[in-house]
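Asks: I'd like to ask you about the structure that follows.
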Amino acid sequence: MSDLHVAAVRKTYRTGSGMPVRALDDVTLDIPAGQTVAVTGRSGSGKSTLLHLVGAMDVPDSGTITVDGRDLTALSDAQRAVYRRGVGFVFQRFHLLPALTACDNVAAPVLPFRAGFDKRARAAELLTAVGLGGREHDLPVKLSGGQQQRVAIARALIGEPRLLLADEPTGNLDSATGADVLDLLFRLHRDRGLTMLLATHDAAVADRCQRVVELSDGAVAGDRLISASGADR
């Protein structure tokens, strides 16, 4: 599990016309290890930006982000790359490589690096864990949208992360398939003791988390605890 502290974080982007847009405005959050947190808000409220900063895919203009006592804003580019290998990312778009099998897609993030485990064997184990045992050699085109998202979730777990960031993970799925994917995410959270941040605009999805943080125009507009227990609702 990973504990997360976001302190007075600001992030501004510039539009194509050069106009500044404040994506995050003085955001402060403390998230204990093992908690499931839904980050909600309208499109453009800053949800994805927050996840990108916590995942060290970008850096804030000011403020600090601390994960397990490590200040991400003090890391070099190389150190951020190492940190990202220990974070699981799940996106609305599956981002699978079409020429690779399901197994190779799962293993892809660790293939360039040394590891103390058999990479493809672990990828196969993770595919079984997400309900795709026997589909290791299938290309993405042979898989449904829900199955592709399960491959993406297995890929997010290949580095044995303690922190999982999910950005609208059911946004491209029908309601029934989306519910199955959510069930899988929360089961993995329980089984693996993950801290999970899940960006969503869907109130029903958010209510399954232990806590809901609402963003509006880049600022925290609400923060409510739904359940202190580890189980989702």
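What follows is calculated from the coordinates using simple rules that are stated; it is not laboratory data. Remember, it's a predicted structure, so these values are computed and weren't measured experimentally. Please note: Cβ atoms are built from the backbone with ideal geometry, for glycine as well, and neighbour counts cover all protein chains shown.
Asks: For the structure I just gave you, tell me whether VAL6 is closer than 24 Å to ALA221 by Cα and either in contact with a strand residue (DSSP E or B) (Cβ under 7 Å, 6 or more places away or on another chain) or charged (D, E, K, R) (or both).
Replies: Yes; evaluated as a whole, the condition is true for this residue.
Asks: Now a separate question. Would the range 17-32 turn up any residue that is of a type in the set (Lys, Arg) and closer than 20 Å to ILE153 by Cβ?
Replies: Within the range 17-32, none of the residues are of a type in the set (Lys, Arg) and closer than 20 Å to ILE153 by Cβ.
Asks: Quick one: count up the residues across the range 14-62 that are of a type outside the set (A, V, I, L, M) and within 22 Å of ALA78 (Cβ to Cβ).
Replies: Looking only at that region, the number is 5.
Asks: Counting only residues that are under 22 Å from SER2 (Cβ atoms) and free of Cβ contacts under 8 Å to residues at least 60 places away in the same chain, how many does the range 182-207 have?
Replies: 7
Asks: Consider ALA7 carefully, then state whether it is more than 18 Å from the chain's Cα centre (by Cα) and surrounded by 14 or more Cβ atoms within 10 Å (Cβ to Cβ).
Replies: yes
Asks: Could you say which residue among ALA38, ALA78, ALA115, ALA124 is surrounded by 15 or more Cβ atoms within 10 Å (Cβ to Cβ), more than 13 Å from the chain's Cα centre (by Cα) and on the phi < 0 side of the Ramachandran plot?
Replies: ALA124
Asks: Tell me, which residue of the range 22-67 that is of a type in the set (Gly, Ala, Ser) and assigned to a strand (DSSP E or B) is farthest from HIS5 (Cα to Cα)?
Replies: Top of the filtered list is ALA23.
Asks: Could I ask something else about it? Does the range 12-31 hold any residues that are free of Cβ contacts under 8 Å to residues at least 60 places away in the same chain and under 30 Å from ASP207 (Cβ atoms), and which are they?
Replies: VAL21, ASP30
Asks: Here's a follow-up. Restricting attention to the range 49-66, report how many residues are of a type outside the set (S, T, N, Q), touching a residue at least 24 places away in the same chain (Cβ under 8 Å) and under 17 Å from LEU198 (Cβ atoms). Write out each step before concluding.
Replies: Narrowing the range 49-66 to residues of a type outside the set (S, T, N, Q): 50-61, 63, 65.
The next check asks that each one be touching a residue at least 24 places away in the same chain (Cβ under 8 Å); those that pass are 50-51, 53-58, 60-61, 63, 65.
Adding the requirement that they be under 17 Å from LEU198 (Cβ atoms) leaves 50-51, 53-55, 57.
The number of residues fulfilling the criteria is 6.
Asks: From the list VAL59, VAL87, pick out the single residue that is among the aliphatic types (A, V, I, L, M), more than 23 Å from VAL220 (Cα to Cα) and in contact with a Lys or Arg (Cβ under 9 Å, 6 or more places away or on another chain). Lay out the reasoning, then the answer.
Replies: Numbers: VAL59 fails: more than 23 Å from VAL220 (Cα to Cα).
When all the criteria are applied, what remains is VAL87.
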